[in-house]
1. Scan segment 31-44 residue by residue and report those that are free of Cβ contacts under 8 Å to residues at least 60 places away in the same chain, assigned to a loop (DSSP other than H, G, I, E, B) and of a type outside the set (A, V, I, L, M).
2. Would you pick out the residues in segment 53-82 that are on the phi > 0 side of the Ramachandran plot and either in contact (Cβ under 8 Å) with a residue 60 or more places away in the chain or within 14 Å of the chain's Cα centre (by Cα) (or both)?
3. Which fully enclosed strands (runs of 3 or more DSSP E) of segment 45-134 have 3 or more residues being of a type in the set (Lys, Arg) and surrounded by 20 or more Cβ atoms within 10 Å (Cβ to Cβ)?
4. Among all residue pairs at least 6 apart or on different chains, which show Cβ distances below 6 Å where the first residue, located in segment 108-131, is within 20 Å of ASP28 (Cα to Cα) and the second is among the small types (Gly, Ala, Ser) and outside any loop (DSSP other than H, G, I, E, B)?
5. Does segment 15-30 hold any residues that are at pLDDT 90 or above, hydrophobic (A, V, I, L, M, F, W, C) and either open to solvent by 30 Å² or more (accessible area, probe 1.4 Å) or not in a strand (DSSP E or B) (or both), and which are they?
6. For segment 31-78: of the residues being over 24 Å from THR123 (Cβ atoms) and β-branched (Val, Ile, Thr), which is modelled with the highest pLDDT?
Amino acid sequence: MGYKTVGRFVYDSATAQIVAEGGNVVFDNATISNNCALSSPGAGVIRIKKPGLYNVFFNATPVATAAGAVEFAMRHNGAVVPGANGSVQLAAVGNVGSVAFMSPVTVECGAGDTLAFFADAATSVTTAAAIVEKVA
């Protein structure tokens with residue numbers, strides 16, 4: 001069995017999305033979505049409805065609202081996933097960076113698991129994408 005993309009969720013706009021410290025990135029467009037992976041419009045949450053092993057890919061283009069490091073990480077069912085994070089050092093307000101990471105996620109029977117991607121410091125993003133791929 002090959003990998004199958006079951007969800008691709010995107011924010012891509014010339015108008016930057018403000019992401020509060022600890023706040024979720026909100027994906028306003030699902031370019032691939034089905035009965036396996038769905039997004040909650042306006043909430044910044046992706047729901048995986050079927051059990052299995054998934055690879056989850058995330059990337060974002062943060063724009064500094066203050067100088068310093070910005071880290072994005074993933075929550076699975078509300079808990080931060082160890083190793084599912086990436087950071088960038090932005091030297092000045094308005095600087096643009098790039099963050100990307102991948103993490104496997106296991107969804108047990110009785111699924112309905114949630115994924116969310118959040119920033120550890122206030123920032124904004126002009127693009128962000130999460131791709132959910134079913135492995136097994």
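1. ASN34, ASN35, PRO41, GLY42
2. Within segment 53-82, ASN77, GLY78 meet the criteria.
3. Output list is empty.
4. Note: pairs meeting the criteria are SER124/ALA16; VAL125/ALA60; THR126/ALA16; ALA128/ALA60.
5. Within segment 15-30, ALA16, ILE18, ALA20, VAL25, VAL26, PHE27 qualify.
6. The residue in question is ILE48.
The values are calculated or read from the model by the stated rules, or taken from the named source; none is laboratory data. The model shown is predicted, which means the values in this text are computed figures rather than measured ones. Every residue, glycine as well, gets a Cβ built from its backbone with ideal geometry; the counts of neighbours run over all protein chains shown. We work out accessible area using only protein heavy atoms, side chains counted, and drop any ligands, DNA or RNA first. Shrake-Rupley method; radii C 1.70, N 1.55, O 1.52, S 1.80 Å.
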